[in-house]
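Student: Here it is: the structure, laid out below.
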Amino acid sequence: MTDLAYVSPRAGRRSTGQRLGRIALRWLLYLVLTLFALWFLMPLFVMLTTSLKSLDEIRTGSLIALPREVTFEPWLTAWGSACTGIQCEGLKPYLLNSLLIAIPGVALSTALGAINGYVFAQWRFRGANLLFSLLLFGCFIPFQVVLLPMARMLGLMGLAGTIPGLILVHTVYGIGFTTLFFRNYYVTIPQELVRAAKIDGAGFFRIFWSIFLPLSLPIVVVTVIWQFTQIWNDFLFGVSFSQAGTQPVTVALNNIVNSTTGVKAYNVDMAAAILAALPTLLVYVVAGKYFIRGLTAGSVKG
Amino acid sequence: MAPILDIRNLRKSYGATEILHDINVAIEPGDFLVLVGPSGCGKSTLLNCIAGLEPITSGTIDIAGRDMTDVSPRDRDIAMVFQSYALYPTMTVAKNITFGMKVRGVDQATQEQKLSEVAELLQITPLLQRKPGQLSGGQRQRVAMGRALVRDPALFLFDEPLSNLDAKLRVEMRTEIKKLHQTLNASIVYVTHDQIEAMTLATKIVVMKGGVIQQIGTPAEIYNQPANLFVADFMGSPAMNLIPAKVRRDGSANRIEIARAGAAPLVLEDSRPADLPADVILGLRPEDIAEAGFRAGSNVQEAQCHIDMVEPAGADTYVVSELGGKQVTARLHAETSARAGQSMTLAFDLGKVSYFAPESGQRLN
């Protein structure tokens, strides 16, 4: 993209044919990109339109047609009265569960990752490299492997089937990534800062709190988006370690879709799916600018 | 007076590698000690040991009469200025300067009073509400010094504070540091690789190489009586001429012969010291070789020399002549009539000469 947009100083001397060729290439590029964008947006379009149609219209009309008569009834049902098995309270209580899991989970794993990253980057100790490698290894352990041991642990701790239990699980499995993020960010901060602060009389936490944390906004945003998306979208832990009443929204969505008998309420399913996905979308829209910036912050020293 | 800093038998090693070998240095209150040497000589490590940022392997460090060997940096009553300035990037200049006091729980009124004093002294009052990113290099340097000054410590440590500045600013800041030292009568340990900085600032210089102290002395001692060939060569610009020579004892005088390609040897006479070996390295600073008639001294000797090169430098003119197989530089006055390729009479001031043993490199006189 950049290469094509770049106008070289010699461009003016090139022949008209070459210039036309470049313009054509540019338009071709835009065309391809637009097609891809449409391709990716198509499912969202279908979901939105379907969720605004009545069941009759879905049965009679085409999949990609716009709704003839817009109805918000499916949304209200998905929100407050759709059945997830025997209960019919809609997604509302489960959205609350997901929030109760995601917010503390994100906060805890981000905070721990920040402290860990600070230690790994600035307070090197014997065996730090080995420990860091092990933490990284933890990032890539498939979750299926830990299901049974984790279930046993939660049982022993008396947290089985509870929201605090799920918070714990997500915090533990988030630490690997959050530590990696923060460590790589803090490594770019010169060690002389820590030395200066030590001589100024500041201790471990004071230096972290007064000097490192105020520098961390970009990486905090990255970590929060990452962790929120991970925890919110998690299904495996949610379905394994919850019970009726503590299930996150992903599990409830599955139940709404799979436990309906008789006629499938596609419009309600679509509305429920959008409701379940909305928070992550929102987080990205609000903080996405910082996400991109934070991901590249380490490489471009400013 | 008790020394403000007293380092005895300090050793520092990383694993099997010894970085500092048996360092012994002491300075009095008000001294400006400069640690100078080529990069990798251990001077910065020594400074970090004094600051307590690096643990030492053995030996002791006393600051203001207290044993600080195992004391943490915050309790050593020191302040440090770093090469990169190490200003806290998210804090304003004022917060940067008062951070140390805030951490130590100094009350607000005292903080503000000290801040305004230091800001006044360093002329940074208009900058107090800015962030470090909005300052120029020289301004950051001042803020870094302000952060150190405001603490009023027993000992100031400077780690190559001027090496990130451009040449002109470096000279300006050098003068300012010297002025500050004189006004405050502070005790300072200062690390640099720049021998001119060392000469201009120090009251006492430690020349280091490979983790070993080569010489400790006043700038004049270091300059005029270098303890060995390394110090002789490292201090001074252009460097001291180090010329291989043969010595023949002739009655009460030494006849010092310097071989010359395609000409008779240059012979100089000197009575001291009596016990020179047959082979020596003769050290003469460029300014101790002048145009004949322009140098007065107790033992100035003149000789015809072939001039290979003439380098006018404004205030002086340097001429180069090959003596003893070395390019020997002489510093002549600006209006000299020296021409490259011609002969001229040069005056050698043997009152200022240094003799070194060729093998050990140690000074002989």
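Student: With more than 14 Å from chain B (Cβ to nearest Cβ) and free of Cβ contacts under 8 Å to residues at least 12 places away in the same chain as the only criterion, which of A:Arg152, A:Arg195, A:Arg183, A:Arg206 stands out? Please lay out each step first, then the result.
Tutor: Values: A:Arg195 fails: more than 14 Å from chain B (Cβ to nearest Cβ); A:Arg183 fails: free of Cβ contacts under 8 Å to residues at least 12 places away in the same chain; A:Arg206 fails: more than 14 Å from chain B (Cβ to nearest Cβ).
Answer to the selection: A:Arg152.
Student: Could you tell me whether any residue of segment B:52-63 is crowded, with 22+ Cβ neighbours inside 10 Å and either under 20 Å from the mean Cα position of the chain (by Cα) or not assigned by TED's automatic domain parsing to the domain that holds B:Met145 (or both)?
Tutor: no
Student: Mind listing whichever residues of segment B:252-296 are part of a strand (DSSP E or B) and among the basic types (Lys, Arg)? Talk me through it step by step, then tell me what you get.
Tutor: Of segment B:252-296, the ones part of a strand (DSSP E or B) are B:253-258, B:266-270, B:279-284, B:289-291.
B:Arg255 - this is the single residue of segment B:252-296 that is part of a strand (DSSP E or B) and among the basic types (Lys, Arg).
Student: Oh, and also: Got a sec? Which of B:Val118, B:Val81, B:Val106 is at pLDDT 90 or above and touching a Gly at 6+ places or on another chain (Cβ under 7 Å)? I'd like the intermediate steps shown before the answer.
Tutor: Numbers: B:Val81 fails: touching a Gly at 6+ places or on another chain (Cβ under 7 Å); B:Val106 fails: touching a Gly at 6+ places or on another chain (Cβ under 7 Å).
Matching residue, one of B:Val118, B:Val81, B:Val106: B:Val118.
Student: Being farther than 13 Å from B:Ile7 by Cβ and not basic (Lys, Arg) is the filter; apply it to segment B:65-78 and report the residue that is surrounded by the most Cβ atoms within 10 Å (Cβ to Cβ).
Tutor: Checked segment B:65-78; the qualifying residue surrounded by the most Cβ atoms within 10 Å (Cβ to Cβ) is B:Ile78.
Student: Please determine whether any residue of segment B:65-78 is closer than 19 Å to B:Phe158 by Cα, among the hydrophobic types (A, V, I, L, M, F, W, C) and more than 10 Å from chain A (Cβ to nearest Cβ).
Tutor: If we filter segment B:65-78 for residues that are closer than 19 Å to B:Phe158 by Cα, which is where we start, we get B:68, B:72-78.
Cutting the leftovers down to among the hydrophobic types (A, V, I, L, M, F, W, C) gives us B:68, B:78.
Checking which are more than 10 Å from chain A (Cβ to nearest Cβ) leaves us with B:68.
There is at least one residue in segment B:65-78 that is closer than 19 Å to B:Phe158 by Cα, among the hydrophobic types (A, V, I, L, M, F, W, C) and more than 10 Å from chain A (Cβ to nearest Cβ).
Student: Further question on the same structure: Looking only at segment B:90-100, which residues are crowded, with 21+ Cβ neighbours inside 10 Å and more than 8 Å from chain A (Cβ to nearest Cβ)?
Tutor: Kept after step one, since they are crowded, with 21+ Cβ neighbours inside 10 Å, are these residues of segment B:90-100: B:93-94, B:96-100.
Listed by number, the residues that qualify are B:Val93, B:Ala94, B:Asn96, B:Ile97, B:Thr98.
Student: Let me ask you something else. Would a scan of segment B:164-178 turn up a residue that is small (Gly, Ala, Ser), in the same structural domain as B:Ile27 (by TED's automatic domain parsing) and assigned to a helix (DSSP H, G or I)? Can you show your working first?
Tutor: Looking only at segment B:164-178, we keep the residues that are small (Gly, Ala, Ser), and these are B:167.
Retained after the next criterion (residues that are in the same structural domain as B:Ile27 (by TED's automatic domain parsing)): B:167.
Filter once more, keeping what is assigned to a helix (DSSP H, G or I): B:167.
Scanning segment B:164-178 turns up at least one residue that is small (Gly, Ala, Ser), in the same structural domain as B:Ile27 (by TED's automatic domain parsing) and assigned to a helix (DSSP H, G or I).
Student: Do you know which residues across segment A:68-117 are among the β-branched types (Val, Ile, Thr) and either assigned to a helix (DSSP H, G or I) or in contact with a strand residue (DSSP E or B) (Cβ under 8 Å, 6 or more places away or on another chain) (or both)?
Tutor: Step one: filter segment A:68-117 for residues among the β-branched types (Val, Ile, Thr), giving A:70-71, A:77, A:84, A:86, A:101, A:103, A:106, A:110, A:115.
Within segment A:68-117, A:Thr77, A:Ile101, A:Ile103, A:Val106, A:Thr110, A:Ile115 qualify.
Student: Same structure, new question: Inside segment B:330-346, can you point out the residues that are among the aliphatic types (A, V, I, L, M) and in contact (Cβ under 8 Å) with a residue 40 or more places away in the chain? I'd like the intermediate steps shown before the answer.
Tutor: Step one: filter segment B:330-346 for residues among the aliphatic types (A, V, I, L, M), giving B:330, B:332, B:334, B:338, B:340, B:344, B:346.
Once the filter is applied, which keeps residues that are among the aliphatic types (A, V, I, L, M) and in contact (Cβ under 8 Å) with a residue 40 or more places away in the chain, segment B:330-346 yields B:Ala330, B:Leu332, B:Ala338, B:Met344, B:Leu346.
Student: Can you confirm whether B:Arg140 is basic (Lys, Arg), in contact with a strand residue (DSSP E or B) (Cβ under 7 Å, 6 or more places away or on another chain), within 13 Å of another protein chain (Cβ to nearest Cβ) and at negative phi?
Tutor: On the way: basic (Lys, Arg): yes; in contact with a strand residue (DSSP E or B) (Cβ under 7 Å, 6 or more places away or on another chain): no; within 13 Å of another protein chain (Cβ to nearest Cβ): yes; at negative phi: yes.
Here the answer is no, as B:Arg140 does not meet what is asked.
Student: Scan B:Arg285, B:Arg272 and give me the residue that is modelled with pLDDT under 90, of a type in the set (D, E, K, R) and either buried (at least 19 other Cβ atoms within 10 Å of the Cβ) or in the same structural domain as B:Ile256 (by TED's automatic domain parsing) (or both). Let's see the steps before the verdict.
Tutor: On the way: B:Arg285 fails: modelled with pLDDT under 90.
None of the others qualify; the one that does is B:Arg272.
Student: While we're here: Tally time: how many residues in segment B:45-60 are at positive phi and within 13 Å of another protein chain (Cβ to nearest Cβ)? Full working, then the answer.
Tutor: Within segment B:45-60, the first condition is being at positive phi, and the residues that meet it are B:52, B:59.
Then keep just the ones that are within 13 Å of another protein chain (Cβ to nearest Cβ); that gives B:52.
The qualifying residues number 1.
Student: For B:Arg142, are the conditions met, namely being buried (at least 22 other Cβ atoms within 10 Å of the Cβ), part of a helix (DSSP H, G or I) and out of contact with any Gly (no Cβ under 9 Å at 6 or more places or on another chain)? Reasoning before the result, please.
Tutor: Values: buried (at least 22 other Cβ atoms within 10 Å of the Cβ): yes; part of a helix (DSSP H, G or I): yes; out of contact with any Gly (no Cβ under 9 Å at 6 or more places or on another chain): yes.
So B:Arg142 fits the description; yes.
Student: Are any of the residues in segment B:226-239 part of a strand (DSSP E or B) and over 22 Å from B:Val300 (Cα atoms)?
Tutor: In the first step, residues of segment B:226-239 are kept if they are part of a strand (DSSP E or B); the result is B:228.
Subsequent filtering for residues that are over 22 Å from B:Val300 (Cα atoms) retains B:228.
Yes.
Student: I've got another one for you. What are the residues in segment B:113-151 that are of a type outside the set (Gly, Ala, Ser) and out of contact with any helix residue (DSSP H, G or I) (no Cβ under 8 Å at 6 or more places or on another chain), if any? Give the derivation first.
Tutor: If we filter segment B:113-151 for residues that are of a type outside the set (Gly, Ala, Ser), which is where we start, we get B:113-115, B:117-118, B:120-132, B:134-135, B:139-143, B:145, B:147, B:149-151.
B:Gln113, B:Glu117, B:Glu120, B:Pro126, B:Gln134 - these are the residues of segment B:113-151 that are of a type outside the set (Gly, Ala, Ser) and out of contact with any helix residue (DSSP H, G or I) (no Cβ under 8 Å at 6 or more places or on another chain).
Student: Has segment A:161-169 got at least one residue that is within 20 Å of the chain's Cα centre (by Cα), closer than 16 Å to A:Gly105 by Cβ and of a type in the set (Gly, Ala, Ser)? Please lay out each step first, then the result.
Tutor: We begin by selecting, within segment A:161-169, every residue within 20 Å of the chain's Cα centre (by Cα); these are A:163, A:166-169.
Still in the running and closer than 16 Å to A:Gly105 by Cβ: A:163, A:166-169.
Subset that is of a type in the set (Gly, Ala, Ser): none.
No, the conditions are met nowhere in segment A:161-169.
Student: Step by step: first the residues of segment B:6-49, then only those that are of a type in the set (Val, Ile, Thr) and closer than 19 Å to B:Gln214 by Cα, then the one that is surrounded by the fewest Cβ atoms within 10 Å (Cβ to Cβ). Which residue is that?
Tutor: Of all residues in segment B:6-49, those of a type in the set (Val, Ile, Thr) come to B:7, B:17, B:19, B:23, B:25, B:27, B:34, B:36, B:45.
Restricting the remaining residues to those that are closer than 19 Å to B:Gln214 by Cα gives B:7, B:19, B:23, B:25, B:27, B:34, B:36, B:45.
On the way: B:Ile7: 24, B:Ile19: 18, B:Ile23: 24, B:Val25: 20, B:Ile27: 21, B:Val34: 27, B:Val36: 28, B:Thr45: 22.
Step by step, filter segment B:6-49, then rank; the result is B:Ile19.
Student: Now for a different question. Which helices (runs of 4 or more DSSP H) does segment A:118-224 wholly contain that include 2 or more residues that are buried (at least 18 other Cβ atoms within 10 Å of the Cβ) and of a type in the set (Gly, Ala, Ser)? Step through it out loud before you land on a result.
Tutor: On the way: elements: A:128-139, A:143-157, A:163-186, A:191-199, A:204-207.
Correct list: A:163-186, A:191-199.
Student: Within segment B:155-182, take every residue that is touching a residue at least 40 places away in the same chain (Cβ under 8 Å) and polar (S, T, N, Q) and give me the one that is nearest to B:Asp6 (Cα to Cα).
Tutor: B:Ser163
Student: OK, next. Quick one: in segment B:296-329, which of the residues that are in contact (Cβ under 8 Å) with a residue 60 or more places away in the chain and of a type in the set (A, V, I, L, M) is farthest from B:Asp270 (Cα to Cα)? Before you say what the answer is, go through the steps one by one.
Tutor: Within segment B:296-329, the subset in contact (Cβ under 8 Å) with a residue 60 or more places away in the chain is B:318, B:322-326, B:328-329.
Keeping just the survivors that are of a type in the set (A, V, I, L, M) gives B:323, B:328.
Numbers: B:Leu323: 18, B:Val328: 19 Å.
By that ranking, first place goes to B:Val328.
Student: Need the failing condition index for A:Gln247 against (1) part of a helix (DSSP H, G or I); (2) away from every other protein chain (no Cβ under 14 Å); (3) buried (at least 22 other Cβ atoms within 10 Å of the Cβ), just the number.
Tutor: Just one mismatch for A:Gln247, condition (1).
Student: Out of all the residues in segment B:231-247, which are buried (at least 19 other Cβ atoms within 10 Å of the Cβ), under 14 Å from the mean Cα position of the chain (by Cα) and not small (Gly, Ala, Ser)?
Tutor: B:Val231, B:Phe234, B:Met235
The values are calculated or read from the model by the stated rules, or taken from the named source; none is laboratory data. Because the structure is a prediction, the values reported are computed rather than measured. Quick reminder, even Gly has a Cβ in these numbers, built from the backbone with ideal geometry, and neighbours come from all protein chains shown.
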